[in-house]
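Student: Questions regarding the structure given below will be posed in turn.
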Amino acid sequence: MTNKVKIAVDAMGGEHSPKKIIDGIEASLNFNKNNHFYLFGEKNIIEKSLDEKKDLYKFCEIIHTKDKILDDESPLTAAKRGKNSSMWKAIESLKDKQTDIALSAGNTGALLVISRLLLNTIEGISKPALAALWPNKNDMNIVLDLGANIECSEKNLSDFASMGSALFKSLFEKEKPKVALLNVGLEEIKGNEILKKTYSILKNDKIKNFEFCGYIEGNQIMNGDVDVIITDGFTGNIALKTAEGTATFITNSLRESLNKLSMLLSYKSLKRFKEKLDPRKYNGAIFLGLQSPVVKSHGSTDFFGFSHSINVCNKIVKGNLIKKIESHLITVDV
C-alpha cells in the first residue's frame, strides 16, 4: 500500500449503495489502481456486493458502522444523531489522519455540516466553498461557490479565487489558471459593491498564482476562455441548476425531433454531443477550505459517475491540493 491514496468512502450514501459504490470502485481501476478504499457502512451488506467481485478485496477495507444518514434528514438532525453513521466515521478518519480524502454520495447538507464540525478550516480561510467541474467548449473549468455560502464578502470571494486556482492546478497541472468573477456585465463599474471590491483586490494583488481576467457573464461560462469562475453560493447554485436543466432539455428535444433516419446519419456527431454533456463525467463536487479534502458525489449518479468522482479524489491528493491552497492565499484587509 506504499504511496497509495487512502480514500474514506461513505459506502451507504446515495441511491443504490453500496452496490453502486463497489461497481464504481471496480470501474475506477480502469483509470488508476493506486487507490485503497476504506468502506464505512454495514459490513454484512457491503460484503454481499464485494463477494461478487472478490478481486476488489485487495483494494478495500470495511469499517463497520451501524447507522447511516438518510437523504431527507436535515443537516442539524444528522449532525446530532449521526456520530455512529458511515458518513460521520468516514470524515472522522480524515480528522484522525487515517485517510487522505473522504468521498460520499449521501445527504449534501449533512456532509457539509459534519465536515465543518469535524475538520478545521485552513488558516486564513473564513468560509469553505463547494466547487465543481463544468464542461466548456475546450475541456472543462471550475466554478465555485455552488451553494455552501449564500452570502459572501470580498474576503470570501478572494479566498474562492485562491482555492479554485489551486484546485485547477491540482487537477490539470496548469501553472497559472485564468480566473474570472461572474457578473451581470463586463465593465469594471458593473455589479454590486462586494463584486467591485473583489475585482479591485484580485486586479491589484501582486502575490498570486493565477491570472485575473476580470468579469465574465453567464452566457460565457462555457466558452472556455477562463479556467476558474468565482461567484457566491446563491448565484452559483442557480447557474448550475439552470445549466443542468438546459442540457437535459436540449438532449431530450433532439431525441424527440430527429427521426430514425436522421439519427442514423448523424449518429457519430450525436454520440460526441451526448458524451460532451454527460454529467457523469463531471461528477464530484469538492468542499474546499478545510484542512482535509472532502468530495461529494451526486446521489443519483450511477457507478460510472461514481468512478469519475474517485478519479477526482486521486488527482486532488496527488496534486497536493491543501498545500497549494495554503500557498495561494491572498491577504485581504476587511
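Just so it is clear, none of the values below were taken in a lab; they were calculated from the coordinates. Everything numeric here is computed off the predicted structure, so don't read it as measured data. Here the Cβ is made from the backbone with ideal geometry for all residues, glycine too, and neighbour counts use every protein chain on show.
Student: If a paramagnetic tag sat 7 Å from the Cα of residue 55 along the Cα-Cβ line, which residues of region 25-45 would have the backbone N under 19 Å from that point?
Tutor: Of the residues in region 25-45, 25-37 have backbone N under 19 Å from the label point off residue 55.
Student: For residue 16 and residue 97, calculate 0.36 nm times their separation in residues minus their Cα-Cα distance, and state this gained length in nm to one decimal.
Tutor: 26.3 nm
Student: Please list, by residue number, everything in region 3-31 whose backbone N is under 16 Å from a paramagnetic label point 7 Å out along Cα→Cβ of residue 323.
Tutor: Correct set: 3-6.
Student: Convex hull over the alpha-carbon atoms of the chain: what's its volume per residue in Å³?
Tutor: Output value, Cα hull per residue: 144 Å³.
Student: Still on this model: Restrict the search to region 31-111; then list the chymotrypsin sites (Phe, Trp or Tyr not before Pro) that DSSP places in a loop and that have at most 15 other Cβ atoms within 10 Å of their Cβ.
Tutor: The qualifying sites are 31.
Student: Between residue 80 and residue 48, what FRET efficiency comes out of the Förster formula 1/(1 + (r/R0)^6) with R0 = 45 Å and r the beta carbon distance, rounded to 0.05? Spell out each step's value before the answer.
Tutor: On the way: r = 30 Å, r/R0 = 0.67.
Here the calculated transfer efficiency is 0.90.
Student: Under a point-charge model restricted to the Cβ atoms of Lys and Arg (+1) and Asp and Glu (-1), what is the dipole moment magnitude of the chain relative to its Cα centre, in debye to the nearest 20?
Tutor: 760 debye
Student: Just to be sure I understand: with springs between alpha-carbon atoms less than 10 Å apart, which residue in 229, 322, 189 has the highest mean-square fluctuation in the Gaussian network model of the chain?
Tutor: 189
Student: Mind listing P(r) for region 5-119? All alpha-carbon pairs, 5 Å bins, whole percents.
Tutor: Spelled out bin by bin, region 5-119 gives 2, 13, 25, 25, 19, 11, 5, 1 percent.
Student: With 10 angstrom as the radius, rank 172, 249 by how many other C-beta atoms surround their C-beta, starting from the fewest.
Tutor: Least crowded to most crowded, the residues run 249, 172.
Student: Between region 1-58 and region 312-330, what is the separation of their alpha carbon centroids in Å?
Tutor: 24 Å
Student: What is the distance, in nm, between label points placed 7 Å from the Cα along the Cα-to-Cβ direction at residue 34 and at residue 137?
Tutor: 3.4 nm
Student: Then there is this: For the pair residue 173 and residue 234, what calculated FRET efficiency results from E = 1/(1 + (r/R0)^6), where r is the Cβ-Cβ distance and R0 = 56 Å, to the nearest 0.05?
Tutor: 0.95
Student: Can you give the helix-only mean residue ellipticity at 222 nm for the chain, where every DSSP H stretch with n ≥ 4 adds -39500 (n - 2.57) and the sum goes over all residues, rounded to the nearest 500 deg cm²/dmol?
Tutor: On the way: 12 runs with 142 residues, N = 334.
Using -39500 (n - 2.57) per qualifying helix, the result is -13000 deg cm²/dmol.
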